[in-house]
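S.K.: Next up is a structure, given as structure tokens.
The values are calculated or read from the model by the stated rules, or taken from the named source; none is laboratory data. Since the structure is predicted, the reported quantities are computational estimates derived from the model, not experimental observations. Here the Cβ positions follow ideal geometry from the backbone for every residue, glycine too, while neighbour counts run over all protein chains shown.
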């Protein structure tokens, strides 16, 4: 991303505080992969002082998964920023592999390591809330990043208002299809995650509330490119008048695009996250648009907040990183 755009988005960081029209499916748990710490390990640090002789701050990071493109970028950005910015920070990064039970078990591991603060990227809005209870019992503060639990007793949330992403996508598709309307479908993320719930709510506020537009189907593809491709192939066979597909993330938008191109169907397709291959597809005129979710700013802000909390400093309850629509008209500003 060009420096001027990143600067504009950084300046935009400000304080803030379902049902579907078709059937939905749940994803199976991800396959196991090793947990990683700051240097690919989870062992206890050798001592409690950093190389400069100061007190070490131990931060545990619970990522919902590192297999999703955006989540992987966020986790890597957290690790890189902490390493590059804070010599006193010892970071433990855990991959929850899209498994609530695993994420809770990893929280117990972090508590046993006596971390000073936990950054939680919840796997499930309800189920991952148990992490807050475990941390509270151990007197360890929790910061939530990117996705939220249904609870509000965490110290701070760093992320973007996912309703805004849904509204941007809904408004974009209505504009592209025009006043006469048309038929569209929605590919949802993993059910029960805050991004899925709130992005759908944003669609409810816009295109789903407009009777000129016909929602042919809504189905979860679990943030997965392969599932999105298979679902779109099925839809293209069922719905001859389908004109658009709204995808709650870009792995799914790229899967939908691949299916549409394989059948020579021109559709309005938009997703969220602005992952590299989606940006390139927008530049090439293949993908209609994407909505930027700024992983670097979410990462840096969450680490900064965690360090302040560990030092006993006051932080805000919410830090909002705005979404931004990217189309062929402005995509060059976002490609590195």
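S.K.: Whether any residue in segment 144-155 is in a strand (DSSP E or B), within 22 Å of the chain's Cα centre (by Cα), buried (at least 22 other Cβ atoms within 10 Å of the Cβ) and not assigned by TED's automatic domain parsing to the domain that holds residue 230 is what I want to check. Lay out the reasoning, then the answer.
M.R.: First, pick out the residues of segment 144-155 that are in a strand (DSSP E or B): 144-145.
Now restrict to residues that are within 22 Å of the chain's Cα centre (by Cα): 144-145.
With buried (at least 22 other Cβ atoms within 10 Å of the Cβ) added as a condition, the list becomes 144-145.
Checking which are not assigned by TED's automatic domain parsing to the domain that holds residue 230 leaves us with 144-145.
Within segment 144-155, one or more residues are in a strand (DSSP E or B), within 22 Å of the chain's Cα centre (by Cα), buried (at least 22 other Cβ atoms within 10 Å of the Cβ) and not assigned by TED's automatic domain parsing to the domain that holds residue 230.
S.K.: Is segment 97-108 home to any residue that is touching a helix residue (DSSP H, G or I) at 6+ places or on another chain (Cβ under 7 Å), under 18 Å from residue 272 (Cβ atoms) and crowded, with 18+ Cβ neighbours inside 10 Å? It would help to see each step written out before you state the result.
M.R.: Initially, segment 97-108 is screened for residues touching a helix residue (DSSP H, G or I) at 6+ places or on another chain (Cβ under 7 Å), giving 100, 103-104, 107-108.
Filter once more, so that each one left must be under 18 Å from residue 272 (Cβ atoms): none.
No, every residue in segment 97-108 fails to be touching a helix residue (DSSP H, G or I) at 6+ places or on another chain (Cβ under 7 Å), under 18 Å from residue 272 (Cβ atoms) and crowded, with 18+ Cβ neighbours inside 10 Å.
S.K.: Could you check segment 82-96 and list, in sequence order, the residues that are surrounded by fewer than 20 Cβ atoms within 10 Å (Cβ to Cβ) and farther than 20 Å from residue 313 by Cα?
M.R.: Matches in segment 82-96: 83, 84.
S.K.: Inside segment 230-255, can you point out the residues that are out of contact with any strand residue (DSSP E or B) (no Cβ under 6 Å at 6 or more places or on another chain) and buried (at least 21 other Cβ atoms within 10 Å of the Cβ)?
M.R.: Hits for segment 230-255 are 232, 251, 254, 255.
S.K.: Now, a different point. Modelled with pLDDT under 95, in contact with a strand residue (DSSP E or B) (Cβ under 9 Å, 6 or more places away or on another chain), buried (at least 19 other Cβ atoms within 10 Å of the Cβ) and not in a strand (DSSP E or B) - does that describe any residue in segment 309-321?
M.R.: Yes - at least one qualifying residue is present in segment 309-321.
S.K.: A further question on this structure: Within segment 118-133, identify whether any single residue is surrounded by fewer than 19 Cβ atoms within 10 Å (Cβ to Cβ), outside the structural domain of residue 206 (by TED's automatic domain parsing) and more than 21 Å from the chain's Cα centre (by Cα), and answer yes or no.
M.R.: yes
S.K.: Going by what's in this entry, would residue 258 be described as surrounded by fewer than 24 Cβ atoms within 10 Å (Cβ to Cβ) and either under 15 Å from residue 166 (Cα atoms) or under 26 Å from the mean Cα position of the chain (by Cα) (or both)?
M.R.: yes
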